[in-house]
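The values are calculated or read from the model by the stated rules, or taken from the named source; none is laboratory data. Quantities reported herein were computed from a predicted structural model and do not represent experimental measurements. Every residue, glycine among them, receives a Cβ derived from its backbone with ideal geometry; neighbour counts consider all protein chains shown.
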Amino acid sequence: MGHGELRGVVALDGPSGTGKSSAARRLASALGARYLDTGAMYRAVTLAVLRSGADLDDADRVAAVARDAGLAQGTDPADSTTTLRGEDVGVEIRGPEVTRAVSPVSANPAVRELLVAEQRRIVAHALSAVGGIVVEGRDIGTVVVPDAGLKVFLTADARARAHRRARQDGLESTVDAVLADVERRDAYDSSRAVSPLRPAPDAVELDTTDLDLAGVLAALLDLAAGRGLVAGPVRG
Ligand SMILES: Nc1ncnc2c1ncn2[C@@H]1O[C@H](COP(=O)(O)OP(=O)(O)O)[C@@H](O)[C@H]1O
Ligand SMILES: Nc1ccn([C@H]2C[C@H](O)[C@@H](COP(=O)(O)OP(=O)(O)O)O2)c(=O)n1
């Protein structure tokens, strides 16, 4: 409230546990904008692949399952739903089976081509409907919306990210296991051939290790306002 309205696209990228989802959702809510969680889309396709029994290494089969999955991703920051043929899979896509398989599925070039096209369609629709959208993922500033008005690359120490993730999952005792998983997925996502995780040359890097969520939101609001992306009253 009282922050003004987002005009254009804010792209938030970065590794797991840096706070992309939390920050993107809050920023979109504060600025009356839509919110797109692209990781949820890769996770939902991964769930469809696991359910189909397809071999994760069978690139053609995985791509065919992705095309037939009936995926729909909502953009309401207060309730962003992910459905497969109308079935809400928001909880299941956060489970360990999907988390284990999502990196290889998201490295599939045909899957990326399909989802990037869908993400661009969602962005264009949001811009014409409400004028602003916050999009988070790994390749938003580099591939999906290279002309975004603001690109932010979130970072944080791996151990801080593992602590956040473990707390989120209610597994405080297994920080070391979560840390290993976070580091494995970072390495995989950063080294894949297609759209590897890396900051766009014109992205602003924001280290969230020592910031709480309110601090991250304040920094993002300042950056968006500084880029002239916020119309109307800016704070107070
Ligand atoms: N700056 C922060 N300080 C403390 N906890 C945070 C911060 N950012 C995120 N978290 C917590 O860490 C967990 C992972 O955050 P999330 O937004 O899902 O990260 P990402 O989308 O980058 O994987 C969530 O439980 C969230 O509440
Ligand atoms: N734009 C995107 C978003 C996610 N991915 C891949 C890489 C990630 O390991 C998985 C899951 O992304 P998600 O943001 O849900 O993951 P975390 O919340 O960080 O655990 O999807 C991607 O390749 N490109």
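For this structure, a couple of remarks:
- Exactly one residue out of GLY70, GLY53, GLY17, GLY8 is within 13 Å of ligand 2 (Cβ to nearest atom), of a type outside the set (A, V, I, L, M), on the phi > 0 side of the Ramachandran plot and out of contact with any Pro (no Cβ under 9 Å at 6 or more places or on another chain): that is GLY17.
- Test result for ALA64, at pLDDT 95 or above, under 22 Å from VAL144 (Cα atoms) and away from ligand 2 (no atom under 13 Å from the Cβ): yes
- Within the stretch 86-93, at least one residue is touching a residue at least 12 places away in the same chain (Cβ under 8 Å), within 16 Å of ligand 1 (Cβ to nearest atom) and out of contact with any Lys or Arg (no Cβ under 6 Å at 6 or more places or on another chain).
- Identity of the residue in the stretch 1-59, surrounded by fewer than 24 Cβ atoms within 10 Å (Cβ to Cβ) and closer than 14 Å to LEU150 by Cα, that ends up farthest from the chain's Cα centre (by Cα): ARG7
- ARG227 meets each of the listed conditions (1) basic (Lys, Arg); (2) more than 16 Å from ligand 2 (Cβ to nearest atom); (3) free of Cβ contacts under 8 Å to residues at least 60 places away in the same chain apart from (3).
- Here is the figure for the stretch 32-74: residues that are away from ligand 1 (no atom under 16 Å from the Cβ), closer than 14 Å to SER103 by Cα and touching a residue at least 60 places away in the same chain (Cβ under 8 Å) total 1.
- Selection status of ILE122, assigned to a helix (DSSP H, G or I), within 15 Å of ligand 2 (Cβ to nearest atom) and modelled with pLDDT of 95 or more: yes
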